Amino acid sequence: MSARALINVPKAARRGDVIEIKTLISHVMETGYRHSNTGENIPRDIITSFSCKFNGEEIFASTLYPAIAANPFVTFHTTATTSGTFAFHWIGDNGFEVTEEAKIVVE
Amino acid sequence: MYRLIITRREALKTSGAVALGAALPGQAHALGQMETAIRRVIGEAEIRKGKVTLDLPPLVENGNTVPMSVSVDSPMTKENYVKAIHVFNEKNPQANVISAQLSPRAGKAVISTRIRLAGTQKLMAIAELSDGGYWSDTQEVIVTLAACLEDLI
C-alpha cells in the first residue's frame, strides 16, 4: 500500500506558541455509494481514522467518513512544549495504514 | 442514474420519519437523517447555538471538494476546553462528515478539511465542551455540481 503524505509542521517554534499542522494524504476515498457503468456497487474504500501523537502522547484524533473529499486534507493546532517528534497515523479500509513523522525544535 | 437518486431520496424520507417519531417530535422535520446521526453521536444532550463558527463557501461549483473550517470560541485551558468537534450534513448518503477529538494542549479549537456535498444542503458543526455543554453552528451551501452522483468515466 503506497500513499504519499504531505505534512506541514513548522521546523522551529518558541515554547508556548500555538502552531498549525497541515496534513494531506493521497487516497481515493471511494464512498461506497457509487455505481459503475454496469450498475454494480463500487465497494467503500476510505480512510476511517487519522490521529497524531507528539512524543507518544495523543494530541489529535479524528474519525473520517465518506463525506471527506479524496486525498484527505486535515489541519489542526497544538501548543509547542518541547522539541520532539510528531507521529501521524492514517488507518483505512482494506488494511490501509500509513505512519509519517515530523520533527520540531522548540526553544 | 436517475432511479438511484429517487431511491436515495425515498430512503432519506423514510429514515427521517423514523427519527422524527423516536427523538424529537415536531422539531426535527427538516433535519431527518442528520438529526438521527447527531443523536447517535452525542445522545440526548441539549444543543445551544453559538460559540462555534462553521466556515463554508455559500456557493460552490463542484461538490466533490469543498473547503470547510470549524472554529470554537474557547480559552482551551485544562478547566475549560473543547473535547470534540463533530460535523454533520443533511443530504449526503451518510450524515456524518468528521468527528475530531481535541485536548487542552491544542491551544486553539480550529480544524479544517475538504468535504463532499451531494447537492445544496445544510451543514451543522457541534462542539462538545469540557463542561458537558454542546454548542453549534449551521450553514447552508448551494452546490451547482453535486458529488457522488455523476457517472464514472
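Values quoted throughout were computed directly from the atomic coordinates according to the rules given, and no laboratory measurement underlies them. Predicted model only: the values in this text are computed from it and were never measured. Neighbour counts are summed over all protein chains in view; Cβ atoms, including those assigned to glycine, are modelled from backbone coordinates with ideal geometry.
See the values below:
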| quantity | calculated |
| --- | --- |
| Note, ³J(HN,Hα) from phi for the range A:56-61, Karplus 6.51, -1.76, 1.60, rounded to Hz, x at Gly and Pro | x, 9, 6, 10, 7, 9 |
| Dipole of the protein assembly as shown, positive end: most advanced residue of B:Ala84, A:Ile47, A:Gly84 [Cβ charges, Cα centre] | B:Ala84 |
| ³J(HN,Hα), Karplus 6.51/-1.76/1.60, whole Hz, each residue of the range B:134-144, x for Gly, Pro | 10, 10, 9, 9, 10, 9, 10, 10, 8, 10, 8 |
| Dimensionless Rg over Rh [the range B:44-145; C-alpha; Kirkwood] | 0.99 |
| Distance violations [Cα-Cα > 19 Å] among B:Lys51/B:Lys83; B:Lys49/B:Lys83; A:Lys103/B:Lys108; B:Lys83/B:Lys122; A:Lys22/B:Lys78 | A:Lys103/B:Lys108; B:Lys83/B:Lys122; A:Lys22/B:Lys78 |
| Label-point gap, in nm, between B:Arg48 and A:Glu97 - each point 7 angstrom along Cα→Cβ | 4.3 nm |
| GluC sites (Glu not before Pro) lying in DSSP loop within the range B:82-153, provided at most 16 other Cβ fall within 10 Å | B:Glu150 |
| Per-residue mean of C-beta atoms belonging to partner chains within 10 Å, peptide B:111-124 | 4 |
| Nearest-20 debye value, the protein assembly as shown charge dipole, Cβ charges on Lys, Arg, Asp, Glu | 160 debye |
| Rel. contact order, % - alpha carbon contacts under 8 angstrom, at least six apart, the range A:46-107 | 37 percent |
| A:His89-B:Leu59 pseudo-label distance in nm [points 7 Å out on the Cα-to-Cβ vector] | 4.5 nm |
| For A:Ile21, B:Ile38, order by how many other beta-carbon atoms lie within 10 Å, fewest first | A:Ile21, B:Ile38 |
| Rg(Cα)/(2.2 N^0.38 Å) for the protein assembly as shown, N = residue count | 1.04 |
